[in-house]
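Below: the structure, in structure tokens.
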Number of protein chains: 2
Amino acid sequence: MLADIITIGDEILIGQIVNTNSTWLAEQLEAIGIKIRQITTVSDNRQHIIQTLQEAEEQSQLIVITGGLGPTEDDITKQTLAEFFDTQLIENQEVLADIEAFVKSRNAQMNSRNRKQAELPQSCTIIRNEIGTAAGMWFERNSVVFVSMPGVPFEMKAMFSNSVIPKLKAQFKTPEVIHFTVQTFGTPESVLAEQLEEWESALPSEIKLAYLPSPERLRLRMSMVCADKESGEQLIAEQYLKLKEILGETIYDTGDNYLYETVGKLLLERNLSLSTAESCTGGNIARLISSVAGSSEYFKGSVVAYSNEIKKNILGVPEQILIQHGAVSEQTVIEMSKGVQKLMDTDFSIAVSGIAGPGGATQDKPVGTTWIAVANKQKVVASKFIFGTQRDINIRRATATALNMLRLLMIEKL
Amino acid sequence: MLADIITIGDEILIGQIVNTNSTWLAEQLEAIGIKIRQITTVSDNRQHIIQTLQEAEEQSQLIVITGGLGPTEDDITKQTLAEFFDTQLIENQEVLADIEAFVKSRNAQMNSRNRKQAELPQSCTIIRNEIGTAAGMWFERNSVVFVSMPGVPFEMKAMFSNSVIPKLKAQFKTPEVIHFTVQTFGTPESVLAEQLEEWESALPSEIKLAYLPSPERLRLRMSMVCADKESGEQLIAEQYLKLKEILGETIYDTGDNYLYETVGKLLLERNLSLSTAESCTGGNIARLISSVAGSSEYFKGSVVAYSNEIKKNILGVPEQILIQHGAVSEQTVIEMSKGVQKLMDTDFSIAVSGIAGPGGATQDKPVGTTWIAVANKQKVVASKFIFGTQRDINIRRATATALNMLRLLMIEKL
């Protein structure tokens, strides 16, 4: 079964707000087995809205519309829907009572604009709004369902979850959809695709595979529409076992965790502590680790050692090493990782020093050159990486690479 | 002039990622006077892509396409565009050399998939990609321009800013649009709107005003389409003067700088140095300050003191203060700010300690309670804030509030 999502309003078209409503709706619909054919954002323009509705009606069995139901002049969704369904706006007494109660609860006075919000297309089924003044609408024509809701995210979400989803489930018998996401790090997309060529071509045709890359991780997602959830999950589990055999420790998790979350989980489970010493990442590792609620259980702190004095005076990197090898060197990151581990008395530590760019390059150390060390009480491992030329991406890649090295050290694969 | 944005790929349609590319593109196009007619998201489906291109071609003069250019099987944008423009894919030697150089810089090996990314439609103008393997494409037909770019946000953004915008400006004579953004911090939107009521109602009708709120700042943007840039700019400058009289130091900058950039600029101009001591912000202030290229000129480092031991042992907060007043207290942040300033020998310092949540609240310190101190060699100012219940928002608000306090201390308004 196919659905279209239509978002009405200028804020998205001028780049003022991000279309998070559509993402949320798509996720909800996907979870009950409804596939989104198209997401369309149009302005508050009568003709454009009608044309978009006509096209969607030809292709999909469900059309979910958000926006354009506010009390101001430029909100024309209701009138346009009335025209599209050849019906009239009439004042709905139930909705009027809802609006009056809502306005009263806010200690405000009813005005003509509020009252106008009770005027709704005669032929629709009303979806009541318990936390705002714009009611939703449900239309049906030739087995196609149209749902119109306000654009205010929390009003839309409450209405959709409480009223629309139950109605959709009752009306349509939708198949179950399973997603299984495998998180990888360290192997570029093209190399991974080559490694997986054979496995991929032998995948059961019901399973769809997607590669989702970013500087932080490369996700592989298997999706499957199935009549029976249990057997579907088993089929995907079998494929995951094969995948794990091919990729090994390149897989750092399943589900949706980032590396900083997976590493946090490992530390928590094992009751171990972490500190970081950061130069070019500037505290980015610390802030990600500490962004997780409860991270104070395993994260003690960080020294952001942006200047060499701090590497020397606080982390105890010998001046001789800084002079002889430079701040971006194997010797320096090893000393930084040892220094912070001792200073903060932790089981594990991470140290990063690199040239994030655009300045700071030398003849033998181009922008992107980054040394990373991870250590526990017995072992220190340091590696050199040459990332790219973009400062922000270099910081993100150095962060993820350091976290992955820590993970590998913790599971004794480094 | 109208433009359509078409996003190709399943990730958005299944609700896995938010369509931030379109928002960013819409904002960029808007800024050069190009109005977005429609944003459409479709799946990697040949027929659907072609139909969407046809419809867009009838309505708009510019069609910006992102996504579907990766090296995997499900990426079909290139083939589909070749079909749509009745041309063939041929290996482009320049792009091949770019890809080879890129792969080499990553210490990886070329493979058949990388090589295939050099195959591009014969009739298009290539847009080179300096930070990835998927080249962009520029097509023209009957005065309509089609631009196709990869969906990876940082590759797309670099390509669009560096290559596409200059080409669009050269090709189309778009009306001049002036934007003037005033950055404010510290006054809530509803209060600000009240303060500005009179000024706003007296604004010349050509100037449109938008309030753009976020946890980091509240932007006021004046926009104006004008025939003569100079007189337009003068009109806006006059309004800005009046605005400045009303809002005073609530305005921290004009243009697009965040507080961490404005503060960095101030430090650099005055040749002053900064250190931070962060508990609940976990390094977020440090990573923002150090995200600016050249920040090593004024930023020496940070101690992320997540545990009390570190507040005591490294920052020198007396144990008695921690026991008597707690880690989230006026006394503690004052000692933290003094401690880090001395430790790192800087002119200014920031210290933050708070309960980001969801855990950690006590009877008299609810989630969101945050103490912030800013200091120079002569003066320490500490203030208490009670932010909200959301961990991530609390961290962002604490960060921005601390940076704003530093700014006010630096300009002697605190």
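The values are calculated or read from the model by the stated rules, or taken from the named source; none is laboratory data. In this text the structure is predicted, and so the values were computed from the model without any measurement. Note that we place each Cβ from the backbone using ideal geometry, even for glycine, and neighbour counts take in every protein chain shown. The protein model used for the area step is the full one, side chains on, heavy atoms only, and it has no ligands, DNA or RNA in it. Shrake-Rupley method; radii C 1.70, N 1.55, O 1.52, S 1.80 Å.
Taking Rh as the Kirkwood radius, which is the inverse of the mean 1/r over Cα pairs, what is the Rg/Rh value for segment B:176-254?
Answer for segment B:176-254: 0.95.
Taking the 0 to 90 degree range and rounding to the nearest ten, how far is the long axis of helix A:259-270 tilted relative to the main principal axis of chain A, both from C-alpha atoms?
Helix A:259-270 and the main axis of chain A meet at about 70 degrees.
Take the Cα of residue B:50, step 7 Å along the line toward its Cβ, and report every residue of segment B:1-43 whose backbone nitrogen sits under 16 Å from that point.
So the set is B:43.
When DSSP beta bridges are limited to those with both residues in the protein assembly as shown, what percentage is antiparallel, rounded to the nearest 5?
Around 65 percent of the beta bridges assigned by DSSP in the protein assembly as shown are antiparallel ones.
Mean separation of Cα pairs under 8 Å and 6+ residues apart, divided by the residue count of chain B: what relative contact order is that in percent?
Once divided by the residue count of chain B, the mean separation gives 10 percent.
Given a cut-off of under 8 Å on Cα pairs at least six residues apart, what relative contact order in percent is computed for segment A:268-409?
24 percent
To the nearest 10 degrees, how steeply does helix B:330-344 sit against the main Cα axis of chain B, on a 0 to 90 scale?
In chain B, helix B:330-344 runs at an angle near 70 degrees to the longest axis.
Antiparallel as a % of all DSSP beta bridges within segment B:273-414, to the nearest 5?
Counting only bridges with both partners in segment B:273-414, antiparallel ones make up about 55 percent.
How high is the relative contact order of segment B:2-171, given as a whole-number percent (alpha carbon pairs under 8 Å, six or more residues apart)?
After rounding, I find 22 percent.
List the distances, in nm and shortest first, from the label point of residue A:58 to the matching label points in every other copy, placing each point 7 Å from Cα along the Cα-to-Cβ direction.
The answer, with the shortest distance listed first, is 0.8 nm.
What does the convex hull of the Cα atoms of segment A:2-171 come to per residue, in Å³, rounded to a whole number?
110 Å³
In sequence order, what are the phi-derived ³J(HN,Hα) couplings for segment B:300-315 according to the Karplus relation 6.51 cos²θ - 1.76 cosθ + 1.60 with θ = phi - 60°, rounded to whole Hz, with x for glycine and proline?
Taking θ as phi minus 60°, the curve returns 8, x, 8, 10, 8, 9, 6, 9, 5, 3, 6, 4, 7, 6, 9, 8 Hz for segment B:300-315.
Determine the share of chain B's accessible area contributed by carbon and sulfur atoms, expressed in whole percent, with a 1.4 angstrom probe.
Answer for chain B is 46 percent, counting heavy atoms of protein chains only.
At 222 nm, what value in deg cm²/dmol follows for the protein assembly as shown if DSSP H runs of at least 4 each add -39500 (n - 2.57) and the sum is divided by all its residues, to the nearest 500?
Helices in the protein assembly as shown give a 222 nm mean residue ellipticity of -12000 deg cm²/dmol.
Sorted from shortest, what are the nm distances separating the label point of residue B:268 from equivalent points in the other copies, each placed 7 Å from Cα along Cα to C-beta?
Label point to label point, same position, other copies: 4.0 nm.
For every other residue with a beta carbon closer than 13 angstrom to the beta carbon of residue A:63, add +1 if it is Lys or Arg and -1 if Asp or Glu, then tell me the sum.
Computed value for this residue: -3.
For segment B:161-306, just the Cα atoms, rotate onto the principal axes and tell me the three extents in Å, largest first.
53, 43, 26
For the protein assembly as shown, compute Rh as the Kirkwood radius over C-alpha pairs and then the Stokes-Einstein diffusion coefficient at 20 °C and 1.002 mPa s; write the answer in µm²/s, rounded to an integer.
For the chosen part, D equals 74 µm²/s.
Using r as the Cβ-Cβ distance of residue B:169 and residue A:109, and R0 as 35 Å, what FRET efficiency do you calculate, to the nearest 0.05?
The calculated FRET efficiency here is 0.10.
Would you mind giving the mean number of other chain beta-carbons within 10 Å of the Cβ of each residue in A:384-390, as a whole number?
3
Hey, how much of the P(r) for segment A:15-96 falls beyond 20 Å, as a percent of Cα pairs?
For segment A:15-96, the fraction of Cα-Cα distances above 20 Å is 43 percent.
Which longest uninterrupted range of chain A lacks any GluC sites (Glu not before Pro) assigned by DSSP to a loop state (not H, G, I, E or B) and surrounded by at most 16 other Cβ atoms within 10 Å?
Result for the longest clean stretch: A:207-411.
Rounded to the nearest 20 debye, what is the charge dipole size of the protein assembly as shown about its Cα centre when +1 sits on each Lys and Arg Cβ and -1 on each Asp and Glu Cβ?
The calculated dipole for the protein assembly as shown is roughly 2600 debye.
Given a Förster distance of 22 angstrom, what is the FRET efficiency for residue B:241 paired with residue B:381, based on the Cβ-Cβ distance and rounded to 0.05?
Computed FRET efficiency for residue B:241 and residue B:381: 0.15.
Helix B:391-410: angle to the longest alpha-carbon principal axis of chain B, degrees 0 to 90, nearest 10?
70 degrees
Taking a temperature of 10 °C and a viscosity of 1.306 mPa s, what whole-number D in µm²/s does Stokes-Einstein yield for chain B with Rh from Kirkwood over alpha carbon pairs?
64 µm²/s
Summing Lys, Arg as +1 and Asp, Glu as -1, what charge do residues with Cβ under 15 Å from the Cβ of residue A:397 carry, residue A:397 excluded?
Result for the neighbourhood of residue A:397: +1.
Considering only the other residues whose Cβ falls under 9 Å of the Cβ of residue B:125, what net charge follows from Lys and Arg at +1 and Asp and Glu at -1?
Overall, the nearby charge balance is 0.
Plugging the Kirkwood radius over Cα pairs into Stokes-Einstein for segment A:259-410, at a temperature of 20 °C and a viscosity of 1.002 mPa s, what D comes out in µm²/s?
Taking Rh from Cα pairs, D becomes 143 µm²/s.
Within chain A, what percent of beta bridges assigned by DSSP are antiparallel, to the nearest 5?
Of all bridge pairs located within chain A, approximately 60 percent are antiparallel.
Of A:183, A:122, A:341, which has the largest mean-square fluctuation in a 10 Å C-alpha GNM of chain A?
Checking each option, the largest mean-square fluctuation is seen for A:122.
Considering only DSSP states other than H, G, I, E and B, which trypsin sites (Lys or Arg not before Pro) in segment B:129-183 qualify as loop sites with at most 16 other Cβ atoms within 10 Å?
Sparse-neighbourhood loop trypsin sites (Lys or Arg not before Pro): B:173.
How many Å² of accessible surface get buried when B and A come together, counting both sides, probe radius 1.4 Å, rounded to the nearest 100?
It comes to approximately 5700 Å² buried between B and A.
With no solvent and one point on each alpha carbon, what is the Debye value of log10 I(q)/I(0) for segment A:281-361 at q = 0.19 Å⁻¹?
-0.82
At residue B:392 and residue B:141, where each label point lies 7 Å from the Cα along Cα→Cβ, what is the point-to-point distance in nanometres?
Label-label distance for residue B:392 and residue B:141, simple model: 4.0 nm.
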